[in-house]
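One structure is given below, encoded as C-alpha cells.
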Amino acid sequence: MLVRLVFALIVLFGAIQATAPNCDAIPTSMWCSNKDIEKACGFTQQCDKHRAATHNQKINITVLIEALCPDCQNFLTKQLYPVVFKNFGDFVNIELVPFGNAKIQEDGTIKCQHGEEECSINKFEGCFIDSMADQSPLPTLSCIEESIQKKVEFADAVQQCFEKLQIGGDIQRLTQSCLVSKLGADLQTKAAATTNNVWPEQHKFVPWVVVNGVSLTSLQGFQNQLPTLLCEWYSGDKPIPYCETALKMKYKKASIRHFF
Ligand SMILES: *[C@@H]1O[C@H](CO)[C@@H](O)[C@H](O)[C@H]1NC(C)=O
C-alpha cells in the first residue's frame, strides 16, 4: 500500500514537473500564442492588449529603397511584389520610401549613392507614389525596376510599364507636373526625413524593412522570410490563404513521414 502511494506521489510529482513551464525561457514570440502559456506565465493582460491592437489590423511594412541599388531591385522584383504583395495584399500596407542612402548636402541639393540618374528616378518614384494616392504603386515600380535591371532606358521602361499596367493619363499628368514643380522636391525632403527618422535603429543599408513603425537591424536578416513572419504576426478572423496552404502542405508532409 505504502509502496503504491509513494509510486503515485512520484508519478504525480513528475506530472507537475512536466507541466510547470519555465516561463523565463519561453521565446518571446510564443508568449501570446496559447492561452495556457499566457495564464501560467502571467502574460494575459499584455497579450490581450496586443490582440486588441492587432486583431484584424493590416500589418504596416515600410521599405526604404533607392532606385539603382541592385539589392533593392531584387527585393522589389523578386520578393516584395511577387510574393508579399500578391499573397498578402489584403493583409498588409506596403509603403515605399525612395531615398535610401542619399544625403541632403549643406547647399540643399541631394547626393545619391548611384549618381544623378538615381536621384532623378528616386524623385520620379516619389511623384508617382504620390500621384497614385490610394492605389498601390508597387506593381508599376516593380515593373520599372525590373526593366532597369535588364538595361532598358529609364524613359522607355516607364512608357512600357505604364502601358502594361494601364496607368491612366490623369496619373501620368499628375506625375509629370509633380516632377517639374516644387512638390517633387518636397516629396524627396519628406522621404529623407522618413528615412532618417526610423525608430529605434537607424538604417544601415538598403533595402531596409520597417514593420509597424519599428526599425531593427536584426529583422533585416529575414527580409526574404517575410511571408513566414507575416503568417505568424497576423491575427484576424479572415485566414490568409497563403498561410493556410503552407500549413496544410506541412501537415501533409509530416503525416506522410510519420505513417509510411
Ligand atoms: C499602420 O499605419 C496606419 C496609417 O499610418 C496607422 O493608422 C495604423 O495605426 C498603423 N498600424 C499599426 C499596427 O501600426
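The values are calculated or read from the model by the stated rules, or taken from the named source; none is laboratory data. Fair warning: this is a prediction, and the values are worked out from it, not measured in the lab. So basically every Cβ, Gly included, is an ideal-geometry build from the backbone, and we count neighbours across all protein chains shown. Heavy atoms of the whole protein, side chains included, go into the accessibility calculation; ligands, DNA and RNA do not. Shrake-Rupley method; radii C 1.70, N 1.55, O 1.52, S 1.80 Å.
Some values worked out for this structure:
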read-out	value
All positions within the range 46-76 that are in contact with a strand residue (DSSP E or B) (Cβ under 8 Å, 6 or more places away or on another chain) and over 16 Å from Val97 (Cβ atoms)	Lys58, Ile59
Residue selected from the range 219-238 under the condition touching a residue at least 40 places away in the same chain (Cβ under 8 Å) and hydroxyl-bearing (Ser, Thr, Tyr), by the criterion nearest to Phe91 (Cα to Cα)	Tyr234
Matching residues in the range 163-179 - criterion: being free of Cβ contacts under 8 Å to residues at least 40 places away in the same chain and not polar (S, T, N, Q)	Glu163, Lys164, Leu165, Ile167, Gly168, Gly169, Asp170, Arg173
Residues (surrounded by 15 or more Cβ atoms within 10 Å (Cβ to Cβ) and either of a type in the set (Val, Ile, Thr) or farther than 11 Å from Ser131 by Cα (or both)) located in the range 166-182	Ile167, Ile171, Thr175
Meets criteria (within 16 Å of the ligand (Cβ to nearest atom), out of contact with any helix residue (DSSP H, G or I) (no Cβ under 7 Å at 6 or more places or on another chain) and open to solvent by 80 Å² or more (accessible area, probe 1.4 Å)) for Glu153	no
Scope the range 35-52; condition open to solvent by less than 70 Å² (accessible area, probe 1.4 Å) and not β-branched (Val, Ile, Thr); matching residues	Glu38, Ala40, Cys41, Gly42, Phe43, Cys47, Arg51
Residue list for the range 183-215, filter: within 16 Å of the ligand (Cβ to nearest atom), buried (at least 16 other Cβ atoms within 10 Å of the Cβ) and not small (Gly, Ala, Ser)	Val198, Val209, Val210, Val211
Within the range 39-148, helices (runs of 4 or more DSSP H) holding 1 or more residues that are aromatic (Phe, Trp, Tyr), more than 16 Å from the ligand (Cβ to nearest atom) and touching a residue at least 12 places away in the same chain (Cβ under 8 Å)	70-75, 116-132
Any hit, the range 192-205, residues being touching a Lys or Arg at 6+ places or on another chain (Cβ under 8 Å), under 30 Å from Ala52 (Cβ atoms) and β-branched (Val, Ile, Thr)	no
First in the range 180-201 and assigned to a loop (DSSP other than H, G, I, E, B), second anywhere and of a type outside the set (S, T, N, Q), Cβ under 8 Å, 6 or more apart	Val198/Leu64; Val198/Trp208; Val198/Val210; Trp199/Gly213; Trp199/Val214; Glu201/Leu216
The range 104-128, residues that are in contact with a strand residue (DSSP E or B) (Cβ under 6 Å, 6 or more places away or on another chain) and either crowded, with 17+ Cβ neighbours inside 10 Å or not polar (S, T, N, Q) (or both)	Ile104, Ile110, Lys111, Cys119, Asn122, Glu125, Gly126
Residue within the range 246-255 that is within 14 Å of the ligand (Cβ to nearest atom) and either surrounded by 11 or more Cβ atoms within 10 Å (Cβ to Cβ) or modelled with pLDDT of 95 or more (or both) present	no
